[in-house]
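Here is the structure we will look at.
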Amino acid sequence: MHAVFRAAARTAALCICLGTPAMAQDATLTSRGGGLSVAGRLISYDGLIYRIDTQWGRLSVDAAAVDCTGPGCPDLTRFAPELRIAVEPWLADRVLMPLIRSFARSEGMSLEERGPLLELAHGPKPELRVRLRPLSGPATPVLAADDADAALAVAEPAGRLVAHLPMVPATSPHAPTGPLNMQALRRQRAEGGDWAMLTSEPRPLVWHSLPAQGSIDRATTQTLGPLRATSERAHDPETLAAALRRDPWGIALLPLPLPPGLMARDIVLGCGLMADLSPFAAAAGDHPLLLPVSWIETGRRLPPVARALADHLASPVGQAALITAGLPAASPMLRQSLDAAGIRLYNTLADPNPALALADRQAALAALTHGTRLAPTFRFDRRNGALDAAARSALSDLSAYLATARLTGQEVVLVGFSDGAGSAAHSRSAALARADAVRDALLAATPDLPDTVVLRSESLGAAMPIACNDTAGGRHANRRVEVWLRPIR
C-alpha cells in the first residue's frame, strides 16, 4: 500500500479538512417534547450521543431524546461511527495500518482504504469510519483541542503500550566501517568533528535528521543529545533515506526495519559492552534505543466497534500482526536459546564489574545453557518499585500463554538479575526478591494455572549485564526478571 498520508502531505486543502471533521458543521438539537433546543457546531455523533459545541460550551446530548436538523446532522440511513486517530504518517504506515488490517481480518470485515479515510464494513454498509489525522508534534494538545478521539504516538507519558520500535545508527554501506561508540556519538553531535571521532578515517561527518517537532528527531535528541554538528534535514523518512543512501559520510538514527540500501551499525557502550540490537532484544526491552509506541484516548466513551478496534491493538492477535510485519512484540511465542545470544555471551565475559568472579559468570552460563528464553521480560517502575507498563502487559501475555501451555518435561524459571550495586550477596538477594515478586503476580493473574506447569524463581545477581551500570538508565535495564523454559532436572 502507498503511504496513507502521501496525498495529505502534498495538499494544504486536505490538512484543513482533517483539522475540521466533516461532521463539524451547524446543527440544531431539539427535544422531542419540543420544549428545548440548542444550536452550534456538531463535533461528533457515535450512534448514541451527540457532542455539540454551543455558546454555553461543549455538551453531550442523548440522541434518543432529540431530533437533529441542519447541514451538520448525520444521515442516519447511512450512519457509521467515526474514529479520528492522530498519528505521524510514517507511524501509520509502519504500526497502525498492520493493526487495523489485522482487526478487519479477525472480525471478518472488509477494509476500504482511501488515503486517510478508512471504512470497515460487514456487507455494503460501513460499520466504522476511521479518519487519520497527521500528527506533527506531541499528541496531548491535539486530543485536548478535540481534534482527534485517540492518538498513536511515540514516547508519550500517557496511554497503553502497543509496540516498541528499535532505533539504530544507519549509514550508507560505503561509510567508514567498524562499531560506533555511544559516548563518541554523543560527543560528536554536541561538538562537531569528523569520522575520526568514531572510526580511524578522517572523513567529514553529516547528520541526517527529520523535522525538529517529529518523534524521531525528539527521540534522537533524548538519546544522543542536542545536535550542533553539521546536519541536513529532510521533510519525511523517504527523502531522508534517499539522501543518506547517496552520502557515504552521512549518519542518522532511524527505526528498524531500515529502508533498502541502508546499513545498521553496531554500537559499543561506554563501559565496553556491546549493545544488543537484535529483534529479540527489542521485543524483550533489552535494546538500548527503543521508541515506545502508545495508544492514547481522551477518556470519552468510544462506540462499541471503535472500542473493539482499540482493544485489538495490544491483544495477542494484534501483536502477532506486528511480528508478521517485521516488528518486535514481546510475545511468549518469540524465543531465543542461549547459544543464539552471541552478544549476551560476549558481554557476560567482557563485563568490567570487579565484584563478579569468573566462577560466578561461568555458573550463570551453566544455569541457562540448556534453556530457552521467552521474550516477555519484567522491569520495575523507578519511582515505586511496581511493575512498569511494559511488564504489566508482559504479565497478561505470559498468564494467557501459561493457562493453556503444554510444557511436559520443562519448567518455567523466572530468573532475576541485578545492577551490581553493593556486594555480590546483596545483588543476588535483590534479584531473587524481584523474581519472587513476578512469580507471585503471575500466580495471582493465573488462577487456572495447569498442574503440569512448574514455576520457579531463581537469581543470577549481577551476572549477564545488558547495559552499563554507570547511568541510571543502564542500572534500570539490568534490574530485570527474565522468563526461561528449562528441562526439569
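Restricting attention to the stretch 192-232, the residues that are among the acidic types (Asp, Glu) and under 22 Å from residue 275 (Cβ atoms) total 2.
Number of residues in the stretch 302-321 that are at pLDDT 90 or above, crowded, with 17+ Cβ neighbours inside 10 Å and part of a helix (DSSP H, G or I) equals 7. Looking only at the stretch 409-434, how many residues end up being under 31 Å from the mean Cα position of the chain (by Cα) and either surrounded by 23 or more Cβ atoms within 10 Å (Cβ to Cβ) or outside any helix (DSSP H, G or I) (or both)? Within the stretch 409-434, residues that are under 31 Å from the mean Cα position of the chain (by Cα) and either surrounded by 23 or more Cβ atoms within 10 Å (Cβ to Cβ) or outside any helix (DSSP H, G or I) (or both) number 14. A single member of 121, 148 is among the aliphatic types (A, V, I, L, M) and within 26 Å of residue 390 (Cβ to Cβ), and it is 148. Taking the stretch 22-36 as the range and being surrounded by fewer than 15 Cβ atoms within 10 Å (Cβ to Cβ) and farther than 21 Å from residue 143 by Cα as the test, the residues that pass are 26, 31, 32, 33, 34, 35, 36. Within the stretch 253-301, the set of residues being closer than 30 Å to residue 132 by Cβ, hydroxyl-bearing (Ser, Thr, Tyr) and crowded, with 18+ Cβ neighbours inside 10 Å comprises just one member, 294.
For residue 448, the stated conditions do not hold, so it cannot be described as part of a loop (DSSP other than H, G, I, E, B), modelled with pLDDT under 95 and more than 14 Å from residue 398 (Cα to Cα).
Number of residues in the stretch 236-252 that are buried (at least 16 other Cβ atoms within 10 Å of the Cβ) and among the charged types (D, E, K, R): the value is 3. What about residue 228, is it of a type in the set (Lys, Arg), surrounded by fewer than 20 Cβ atoms within 10 Å (Cβ to Cβ) and touching a Gly at 6+ places or on another chain (Cβ under 7 Å)? Here the answer is yes, as residue 228 does meet what is asked.
For first residues located in the stretch 380-392 and farther than 15 Å from residue 286 by Cβ, partners that are among the polar types (S, T, N, Q) and lie 6+ apart or on another chain with Cβ distances below 9 Å form the pairs 389/294.
Annotation: residue 330 fulfils all but one of (1) surrounded by 15 or more Cβ atoms within 10 Å (Cβ to Cβ); (2) not in a loop (DSSP other than H, G, I, E, B); the unmet one is (2). Consider the stretch 396-408 and keep the residues that are under 21 Å from residue 317 (Cβ atoms) and not hydrophobic (A, V, I, L, M, F, W, C). The one that is farthest from the chain's Cα centre (by Cα) is 406. Scan the stretch 37-48 for residues that are modelled with pLDDT under 90 and surrounded by fewer than 16 Cβ atoms within 10 Å (Cβ to Cβ) and the total you get is 2.
Filter the stretch 352-378 down to the residues that are at pLDDT 85 or above, within 30 Å of residue 389 (Cβ to Cβ) and in a loop (DSSP other than H, G, I, E, B) and list them by number. Scanning the stretch 352-378 gives a single hit, 371. Of the residues making up the stretch 81-115, just one is among the charged types (D, E, K, R) and in a loop (DSSP other than H, G, I, E, B), namely 88. Among residues of the stretch 443-483 being surrounded by fewer than 21 Cβ atoms within 10 Å (Cβ to Cβ) and among the aliphatic types (A, V, I, L, M), the one that is nearest to residue 349 (Cα to Cα) is 472. Of all residues in the stretch 142-158, none are among the β-branched types (Val, Ile, Thr), surrounded by fewer than 19 Cβ atoms within 10 Å (Cβ to Cβ) and either at negative phi or in a helix (DSSP H, G or I) (or both).
Screening the stretch 74-93 for residues that are in contact (Cβ under 8 Å) with a residue 40 or more places away in the chain and out of contact with any Leu (no Cβ under 7 Å at 6 or more places or on another chain) and picking the one that is surrounded by the fewest Cβ atoms within 10 Å (Cβ to Cβ) gives 78. Residues of the stretch 119-138 that are more than 15 Å from residue 107 (Cβ to Cβ), in a strand (DSSP E or B), in contact with a strand residue (DSSP E or B) (Cβ under 7 Å, 6 or more places away or on another chain) and not charged (D, E, K, R): 132 alone.
All of 117, 76 fail the test of being under 26 Å from the mean Cα position of the chain (by Cα) and farther than 23 Å from residue 163 by Cβ, apart from 117.
The values are calculated or read from the model by the stated rules, or taken from the named source; none is laboratory data. Quick caveat: nothing in here was measured; it's all calculated off a predicted structure. With ideal geometry, Cβ positions are generated from the backbone for all residues, glycine too; neighbour counts draw on all protein chains shown.
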